[in-house]
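Take a look at the structure below.
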């Protein structure tokens, strides 16, 4: 098998139901056993589904989706393309997945609408597009922290970024990168839409990622 064959095989696996399920389980910081118990599915059956050796019934898929706090549609990435690499790795703008679903908060309560730009959440980092409406900010000024790094580029508009006790105004074309263990928060206080392309590592989004009761070390949002 050549190196390209390996790449194609990886791409095909990433677009499969089992791989999508495994990716999201790991992102949620859940073990196979924990998810099997939460969803009421045997450990062996769940393992077989993740390996692509078993196709889940509608009821089983629904139970797994509930255990991971998503709708079943999350597992079926909509990707089109002429070849396997394009279908596996290219995300057309109309096929972006809604990350607010993973946060369990809509754009009004979170302060921005977030979409996944990466083709997979199974890598070492992931990238997204956050759209902040004019004068949008969360009801609570929630500082965020997590292990790893956070990077961003303002594509359009203006963003107010608080890093520790310092407030910084970022404008179109400005970018940032810093250790995400530093408390931080972003909001749009201008009368124009702000669009931010961001990248975060590691890829961890606990089911309780937004809750104010979560220890800061577990929060993974920007």
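The values are calculated or read from the model by the stated rules, or taken from the named source; none is laboratory data. Predicted model only: the values in this text are computed from it and were never measured. Cβ placement follows ideal geometry from the backbone for every residue including glycine, while neighbour counts extend to all protein chains displayed.
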(request) Those residues that are surrounded by 20 or more Cβ atoms within 10 Å (Cβ to Cβ) and either over 14 Å from the mean Cα position of the chain (by Cα) or more than 26 Å from residue 93 (Cβ to Cβ) (or both), I need them from the stretch 113-143; list them, please. (result) 132
(request) Select, from 158, 166, the only residue that is over 21 Å from residue 101 (Cβ atoms), surrounded by 15 or more Cβ atoms within 10 Å (Cβ to Cβ) and modelled with pLDDT of 95 or more. (result) 158
(request) Only residues that are over 30 Å from residue 39 (Cα atoms) and part of a helix (DSSP H, G or I): list them for the stretch 69-86, please. (result) 84, 85, 86
(request) Looking only at the stretch 170-187, decide whether some residue is under 26 Å from residue 27 (Cα atoms), buried (at least 17 other Cβ atoms within 10 Å of the Cβ), under 17 Å from the mean Cα position of the chain (by Cα) and at pLDDT 95 or above. (result) no
(request) Those residues that are surrounded by 19 or more Cβ atoms within 10 Å (Cβ to Cβ) and more than 21 Å from residue 123 (Cα to Cα), I need them from the stretch 66-99; list them, please. (result) 67
